[in-house]
Amino acid sequence: MPAAKHFKKKPFDIEEAIPLLREAVAPYPKAALFELAGEGHTSVFEILVACIISIRTRDETTLPVSRRLFAAAPRPADVAALSVKEIERLIYPSTFHDVKAGTIRTVARETVEKYDGVLPCDADELMKFKGVGPKCANLAVGITCGQMLTGVDIHVHRVTNRWGYVSAKTPEKTMDELHEKLPQHLRVEINALLVPFGKHICTGARPKCSSCPLLEMCQQVGVTRHE
């Protein structure tokens, strides 16, 4: 179906949108990192490692892979004691599992040696690890430490720009705009909501606009076809 056009929409209101989003995503599985936190994986180390595993990898793979790693090696010292090949085997079939295994072992070893086994609630400090960017650093401290930082993945980037709430060409620029514009109390939750929303409703190629509860305010930026 061609994109709806030619009638003036009301401005996008994030406070009005959030309750609608919560209701819309309720039937779907939680985003992987929030699901893991709900299962008791609540350390900065665990969520950071799970986020590394999740890069370019679907939640359907990230969840069982992360659970398998933490079952085999529940503490940073246990992960540090594994070889890269052992970690690689445990996190397969995560995309780029060989590269990620080296990153995870380095993070684990430095967590033990530099931070006495406990990573700090400091996104800037986490980004000193090679292979850790702002998305994973922000999610790790946002989910586990309650710091109001936004982790912007492809879903958050696509959906917030499609709404017309921000206008940015990269996830990094979207993150900057959201930190300027998004109310603080929503900065962590927005990722939890937009991962399932982006996967199941506001999808990449053919978003389900006709059944979207935000259609009246969504500006449908860049939408050329929808269901």
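The values are calculated or read from the model by the stated rules, or taken from the named source; none is laboratory data. Note that the structure is a prediction, hence the values are computed from the model and not measured. Don't worry about glycine lacking a Cβ; one is built from the backbone with ideal geometry, like all the others, and counts go over all protein chains shown.
Points worth noting:
- Scope region 55-74; condition more than 15 Å from residue 37 (Cα to Cα) and not in a helix (DSSP H, G or I); matching residues: 55, 56, 57, 58, 73
- Residue check for residue 105: of a type in the set (D, E, K, R), under 30 Å from residue 161 (Cβ atoms) and in a helix (DSSP H, G or I): no
- Failed criterion for residue 194 (all others in (1) out of contact with any Gly (no Cβ under 7 Å at 6 or more places or on another chain); (2) more than 16 Å from residue 12 (Cα to Cα); (3) assigned to a helix (DSSP H, G or I) hold): (2)
- Qualifying residue in region 202-214 (condition: touching a helix residue (DSSP H, G or I) at 6+ places or on another chain (Cβ under 9 Å) and within 22 Å of residue 49 (Cβ to Cβ)): no
- Scanning region 142-192 for residues that are touching a Lys or Arg at 6+ places or on another chain (Cβ under 8 Å), crowded, with 16+ Cβ neighbours inside 10 Å and not hydroxyl-bearing (Ser, Thr, Tyr) gives 142, 148, 149, 151, 152, 153, 155, 166, 171, 175, 178, 192.
- Taking each residue of region 12-30 that is among the basic types (Lys, Arg) and looking for partners that are modelled with pLDDT of 95 or more with beta-carbon atoms closer than 8 Å, six or more apart or interchain, yields 22/193; 30/38; 30/192; 30/196.
- Test: residue in region 139-162 that is basic (Lys, Arg) and either more than 20 Å from residue 217 (Cβ to Cβ) or part of a loop (DSSP other than H, G, I, E, B) (or both): no
Residue-wise test of (1) surrounded by 16 or more Cβ atoms within 10 Å (Cβ to Cβ); (2) of a type in the set (A, V, I, L, M, F, W, C); (3) more than 19 Å from the chain's Cα centre (by Cα); (4) assigned by TED's automatic domain parsing to the domain that holds residue 185.
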site: 100; (1), (2), (3), (4): yes, no, no, no
site: 110; (1), (2), (3), (4): no, no, yes, no
site: 113; (1), (2), (3), (4): no, no, yes, no
site: 120; (1), (2), (3), (4): no, no, yes, no
site: 123; (1), (2), (3), (4): yes, yes, no, no
site: 129; (1), (2), (3), (4): yes, yes, no, no
site: 132; (1), (2), (3), (4): yes, yes, no, no
site: 136; (1), (2), (3), (4): yes, yes, no, no
site: 140; (1), (2), (3), (4): yes, yes, no, no
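- Of all residues in region 85-116, those being touching a residue at least 60 places away in the same chain (Cβ under 8 Å) and of a type outside the set (A, V, I, L, M) number 1.
- When residues of region 35-53 are limited to those that are within 16 Å of the chain's Cα centre (by Cα) and without any contact (Cβ under 8 Å) to a residue 24 or more places away in the chain, the one nearest to residue 115 (Cα to Cα): 50
- Qualifying residues in region 74-84 (those that are under 24 Å from the mean Cα position of the chain (by Cα) and in contact (Cβ under 8 Å) with a residue 24 or more places away in the chain) - the one farthest from residue 116 (Cα to Cα): 79
- Qualifying residue in region 205-226 (condition: buried (at least 22 other Cβ atoms within 10 Å of the Cβ), more than 30 Å from residue 77 (Cβ to Cβ), more than 12 Å from the chain's Cα centre (by Cα) and not β-branched (Val, Ile, Thr)): yes
- All of (1) touching a helix residue (DSSP H, G or I) at 6+ places or on another chain (Cβ under 6 Å); (2) under 19 Å from residue 50 (Cβ atoms) hold for residue 142 with one exception: (1).
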